[in-house]
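One structure is given below, encoded as structure tokens.
Rule-based calculations on the coordinates, nothing more; no lab input. Here the structure is a predicted model, which is why all the values come from computation and not from measurement. Virtual Cβ from ideal backbone geometry, glycine too; neighbours counted across all protein chains shown.
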């Protein structure tokens, strides 16, 4: 965020309400009044989601390995990521022949786009295409491969171990690196302050590396269990009755 923008926010507001702890830390650094209220999504999602119930809804056997592919909600993301995500799933199917693959898509346009890419790249790969139902797919899955964004936070709250894969045009990435001074791009890592989930960006976002990062998660071993436990801790940190806290903050300002 540019220095001038920070000062404009400080001058224009009496109080900033922050959904996430690192946002409050940022505003505190620049002496902008800020109150951390937690995230409404964390309030809405259970600390211990029911994986088997989600699998029943999606028709996934309880004893199968399950992978969720979430190549993004925007057309450019789906176009840029879907082929490599599908190729990654093909590689993983070699190790896990029983692998169930669920692909939630936000609308009919994105579904049509994904189906076109799949027909070109992986016509014989069996997948479950879902209209919406992203949250159910995350809860049901042993691991997820997803684009960065709010989906990564939702996946964390669903307690689904994940790998973040993302690619954009080289100039856009270069510009983003100059403007955004953070060590990580995904919200789980920003919340944890470390690389909790693997981020494979740009040239690193390719099927062999994505599959290698996902394999230990699908094994449901120590890596997955440790990630799950940390996800639960982070969930508790941002589960603060955000709506009530926001209302209370506004009432206090009005008095």
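Here are the numbers:
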read-out	value
Angle between the chain longest axis and helix 170-179 axis [Cα atoms, degrees, rounded to 10]	30 degrees
Simple spin-label estimate for residue 131 and residue 52 in nanometres, 7 Å along Cα-Cβ	3.0 nm
Cα→Cβ-extended label distance, 7 Å offset, between residue 212 and residue 124, nm	2.6 nm
Percent antiparallel among DSSP beta bridges (both partners in the stretch 1-131, rounded to 5)	0 percent
For the stretch 103-255: span of alpha carbons on each principal axis (Å, largest first)	63, 37, 36
Span per principal axis, largest first, for the Cα atoms of the stretch 51-111 (Å)	35, 26, 14
The chain: angle of helix 75-95 to the longest principal axis, Cα-based, in degrees nearest 10	50 degrees
Normalised per residue, the volume of the convex hull around the Cα set of the chain (Å³)	137 Å³
GNM flexibility winner over the chain from 63, 229, 243 (Cα, springs under 10 Å)	63
Extension gain (nm, one decimal) between residue 233 and residue 79, 0.36 nm per residue minus Cα-Cα	52.0 nm
Largest-first principal axis extents, alpha carbons of the stretch 1-125, Å	57, 34, 28
Length-normalised contact order of the stretch 49-237 in % [C-alpha pairs under 8 Å, at least 6 apart]	24 percent
In degrees, nearest ten, helix 108-121 long axis to first principal axis of the chain (Cα)	40 degrees
